[in-house]
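Report on one structure; see the data block that follows.
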Amino acid sequence: MTASDTSMDGRLAVLRERRARALEMGGPEGLRKHRESGRLPVRERVDMLVDPDSWFEIGALALPERRTAKHIPGDAVVTGFGLLDGRRIGVIGIDASVVAGTTAPISMRKQGRLIEHAQRHGFPLVLLCDADGGRMPDVSGWRFSGLPLDFTSFLKPAPGAPVVPRAAAVLGPSYGDSALHASTAHYVVMIRSASLALSGPSVVEPAIGEKVTDDELGGPAAATEAGNAHLVVETEADAMDAIAAFLSYLPQNSSLPAPIAPARPPGRDPSELETLVPTGSRAGYDMRDVFACLADEASVLPWADGWGSSLLTALARIEGRPVGLVGNQPIVRAGALDPAALAKERAFVDLCDTFGLPLVFLHDVPGLMIGTQAEKAGILHGYEALVSRISEASVPKVGVVLRKAYGGGHFAMGGRPTQPDFLYAWPTAELGFMAPETGIRTIYRRRLETVLAEQGPEAHAALVEELTAEWISEAEPWEAAAHLSLDDVIEPASTRHVVATSIEIALGGSGLGGSGLGGRA
């Protein structure tokens with residue numbers, strides 16, 4: 001074929017040649033180095049994510065604005081659509097096998113186009129992150145200001161438009177706009193060898209003189225503690241499964257109902273709750289065991305366990321219906337809520353309310369963290385923001401006080417002032433302004449000091465015991481139920497049934513039956 005061949009056969013030959021070059025990614029050498037780093041090529045990642053034979057690509061023939069001798073297929077990004085467990089998704093996959101997946105104007109325009117499609121047509125967006133920031137000199141000088149990056153659409157939907165779920169897999173060193181993508185995601189899963197930060201070590205050291213590794217800067221420990229990643233897994237296949245599981249709980253967009261799966265039995269016998277949770281307020285136990293007694297078997301997906309770890313949040317199903325579980329974690333600071341836990345809970349409540357998932361609050365909280373460290377970290381603002389967001393949530397909200405719920409911690413867990421649809425307690429529950437040991441020493445401080453000084457340690461101990469008994473008696477759930485501060489006091493073994501029925505009533509339905517699309521969870 002000659003360059004002047006304008007026949008259909010000639011033009012088709014050119015098209016097929018260009019398509020073949022677009023599939024080369026980093027070429028033999030680039031792909032070899034990429035694989036040697038332990039990472040899969042982007043197109044293998046896409047194949048691993050989407051259903052077989054469902055991939056529909058756009059922008060494959062894109063090339064950089066600044067052409068050099070180096071061939072950069074697709075301008076180092078792959079964009080398109082596929083099916084995931086039968087549901088449409090949009091995918092952006094950074095190709096780190098060529099020019100380290102760096103960003104330039106055309107690659108950014110490709111990504112923006114894919115995001116626009118997902119948001120306009122209302123289906124989830126999956127972001128496969130593995131990039132080393134901006135490409136020089138393509139984004140240097142005046143070019144940076146002129147990048148085709150529209151924050152009114154790149155980061156969120158247009159005002160009034162439905163929100164689409166965003167999920168990100170961090171599969172390598174992810175800086176620059178890969179980090180920005182992750183920051184917009186409702187769910188971020190990263191593999192253990194990956195890193196996630198605003199700028200990479202190669203920028204940090206010359207800029208501020210800090211010599212740091214990828215792992216120290218944005219590895220799994222740093223990313224989860226900062227709340228930048230919600231789950232850490234071992235392999236890229238695990239990451240794709242986690243994304244599929246996450247999306248299976250959510251609708252295609254916020255205007256649609258969440259998908260209902262066939263009901264399953266609980267992960268553990270609910271009757272075990274009577275012994276799983278100790279009656280002593282200071283004894284520790286793992287709230288995950290309570291989650292297992294409430295949720296359908298194999299349905300609990302943790303959300304950000306490494307961030308604000310005195311509080312657990314998880315997506316789950318109860319009798320097939322997706323829900324958000326929120327529970328204090330007594331084995332971490334007795335379940336007290338610090339600023340990180342409050343921020344985590346607020347983000348999770350927002351996720352569930354946005355996508356129509358009922359919220360289930362399991363209270364076992366001694367209160368909010370106090371002191372200089374908590375104040376400097378913004379406990380007051382975090383508390384106000386959280387209780388406001390819970391109050392505004394329009395999804396069903398059901399709370400159960402398992403053992404204790406004191407002070408602002410009770411309200412931060414969906415207490416009565418935040419307008420839950422239903423609020424219950426176990427017979428072991430204690431409610432009040434403060435825990436007994438703190439309350440009596442605060443309110444009766446002078447009386448206790450006088451008795452200690454005038455009557456001695458034995459009289460002081462006897463008074464403490466007497467006041468504590470009075471305080472606990474007042475904190476028991478019976479008067480709260482009598483005055484309708486609680487809707488009922490329930491047996492632990494009935495908690496799953498009570499929660500499921502309460503959600504059904506709050507939704508206005510006649511039952512939890514139905515079928516929907518589940519995922520790999």
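Okay, residues lined up against (1) out of contact with any helix residue (DSSP H, G or I) (no Cβ under 8 Å at 6 or more places or on another chain); (2) at pLDDT 75 or above; (3) over 21 Å from residue 408 (Cβ atoms):
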site: 433; (1), (2), (3): no, no, no
site: 439; (1), (2), (3): no, no, no
site: 460; (1), (2), (3): no, yes, yes
site: 463; (1), (2), (3): no, no, yes
site: 467; (1), (2), (3): no, no, yes
> Just checking, how many residues over the range 478-497 are of a type in the set (Val, Ile, Thr) and under 30 Å from the mean Cα position of the chain (by Cα)?
Replying inline: 1
> Which one is modelled with the lowest pLDDT, of the residues in the range 108-127 that are more than 20 Å from residue 86 (Cβ to Cβ) and aliphatic (A, V, I, L, M)?
Replying inline: 108
> Would you pick out the residues in the range 117-131 that are of a type outside the set (A, V, I, L, M, F, W, C) and within 23 Å of the chain's Cα centre (by Cα)?
Replying inline: 119, 122, 124, 130
> Can you name the residue in the range 118-132 that is assigned to a strand (DSSP E or B) and of a type outside the set (A, V, I, L, M) and is also farthest from residue 57 (Cα to Cα) among such residues?
Replying inline: 132
>> Take residue 336 and tell me if it is of a type outside the set (Phe, Trp, Tyr), in contact (Cβ under 8 Å) with a residue 60 or more places away in the chain and closer than 17 Å to residue 413 by Cα.
In response: yes
>> Residues to consider are 60, 20, 96, 76; find the one that is modelled with pLDDT of 90 or more, touching a helix residue (DSSP H, G or I) at 6+ places or on another chain (Cβ under 9 Å) and either more than 30 Å from residue 234 (Cβ to Cβ) or not assigned by TED's automatic domain parsing to the domain that holds residue 124 (or both).
In response: 60
>> Looking at the range 47-59, can you tell me whether even one residue there is farther than 25 Å from residue 184 by Cβ and surrounded by fewer than 19 Cβ atoms within 10 Å (Cβ to Cβ)?
In response: yes
>> Return the pair list, or none, for Cβ contacts closer than 9 Å from residues in the range 269-285 that are within 15 Å of residue 329 (Cβ to Cβ) to residues that are aromatic (Phe, Trp, Tyr) and part of a loop (DSSP other than H, G, I, E, B), at least 6 apart or on different chains.
In response: 276/285; 277/285; 277/426; 278/285
> Hey, among 234, 210, which residue is closer than 30 Å to residue 377 by Cα and either outside the structural domain of residue 490 (by TED's automatic domain parsing) or loosely packed, with under 14 Cβ neighbours inside 10 Å (or both)?
Replying inline: 210
>> Given the options 423, 362, 386, 357, name the one that is in the same structural domain as residue 326 (by TED's automatic domain parsing), under 17 Å from the mean Cα position of the chain (by Cα) and touching a residue at least 60 places away in the same chain (Cβ under 8 Å).
In response: 357
>> Considering only the range 164-178, I want to know if a residue exists there that is surrounded by fewer than 20 Cβ atoms within 10 Å (Cβ to Cβ) and either outside the structural domain of residue 346 (by TED's automatic domain parsing) or outside any helix (DSSP H, G or I) (or both).
In response: no
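Rundown of residues vs (1) within 23 Å of residue 72 (Cβ to Cβ); (2) without any contact (Cβ under 8 Å) to a residue 12 or more places away in the chain, yes/no style:
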residue	(1), (2)
113	yes, no
131	yes, no
138	yes, no
149	yes, no
152	no, yes
157	no, no
165	no, no
172	yes, no
> Is there a residue in the range 85-100 that is part of a helix (DSSP H, G or I) and surrounded by 14 or more Cβ atoms within 10 Å (Cβ to Cβ)?
Replying inline: yes
> Condition test on residue 261, is it of a type in the set (A, V, I, L, M), more than 24 Å from residue 42 (Cα to Cα) and in contact (Cβ under 8 Å) with a residue 12 or more places away in the chain?
Replying inline: yes
> So which strands (runs of 3 or more DSSP E) stay within the range 268-386 end to end and still have 3 or more residues that are buried (at least 18 other Cβ atoms within 10 Å of the Cβ) and among the polar types (S, T, N, Q)?
Replying inline: none
> Does residue 144 satisfy the condition of being over 22 Å from residue 73 (Cβ atoms), aromatic (Phe, Trp, Tyr) and surrounded by 18 or more Cβ atoms within 10 Å (Cβ to Cβ)?
Replying inline: no
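The values are calculated or read from the model by the stated rules, or taken from the named source; none is laboratory data. Computed from a prediction, not measured in an experiment: that's the story for all the values here. Every residue, glycine as well, gets a Cβ built from its backbone with ideal geometry; the counts of neighbours run over all protein chains shown.
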